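Asker: Okay, handing you the structure first.
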């Protein structure tokens, strides 16, 4: 993941939030939702990653990222913890995306996301990194 994060030339920041208190699953998910919402820049495009979301090709994702970038808004990609995203986060997101129907550990989802952001950067720059 760090290999691709270092290659991203756009302003890029990873913020990890976690509720460390032992709470029942629903309460922990809700608290993590509050922490995620609080970590998002005001006015940012909210992109929730959830297995029930829409699947995009890399080229389609690059197009979306390019549109958001060109609108001047920050983009906040939101990945849930072990219990997934709070429904309030999914419901308030501008878009809900998935990396397929499978459930991915959030650390693996993060690595996939960082690579796709780098890939989008390269697609939008017309670089041959993406050869599809």
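The values are calculated or read from the model by the stated rules, or taken from the named source; none is laboratory data. Because the structure is a prediction, the values reported are computed rather than measured. Please note: Cβ atoms are built from the backbone with ideal geometry, for glycine as well, and neighbour counts cover all protein chains shown.
Yes/no per residue for (1) over 28 Å from residue 22 (Cα atoms); (2) within 11 Å of the chain's Cα centre (by Cα):
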residue: 50; (1), (2): no, yes
residue: 58; (1), (2): yes, no
residue: 82; (1), (2): no, no
residue: 91; (1), (2): no, no
residue: 102; (1), (2): no, no
residue: 112; (1), (2): yes, yes
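Asker: Moving to a separate point now. Would you say residue 110 is surrounded by 15 or more Cβ atoms within 10 Å (Cβ to Cβ) and modelled with pLDDT under 95?
Answerer: Taking the combined requirement at face value, the residue satisfies it.
For (1) within 12 Å of residue 117 (Cβ to Cβ); (2) surrounded by 14 or more Cβ atoms within 10 Å (Cβ to Cβ), each residue gets a yes or a no:
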| site | (1), (2) |
| --- | --- |
| 5 | yes, yes |
| 9 | yes, no |
| 24 | no, no |
| 28 | no, yes |
| 37 | no, yes |
| 48 | no, yes |
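Asker: Sticking with this one: Considering only region 57-80, state which residues are over 15 Å from residue 12 (Cα atoms) and surrounded by fewer than 17 Cβ atoms within 10 Å (Cβ to Cβ).
Answerer: Result: 57, 58, 59, 60, 63, 67, 70, 71.
Asker: For residue 128, are the conditions met, namely being at pLDDT below 95, in contact with a helix residue (DSSP H, G or I) (Cβ under 9 Å, 6 or more places away or on another chain) and on the phi < 0 side of the Ramachandran plot?
Answerer: yes
Asker: Checking residue 38 against (1) more than 13 Å from the chain's Cα centre (by Cα); (2) at pLDDT below 90, which test does it fail?
Answerer: (2)
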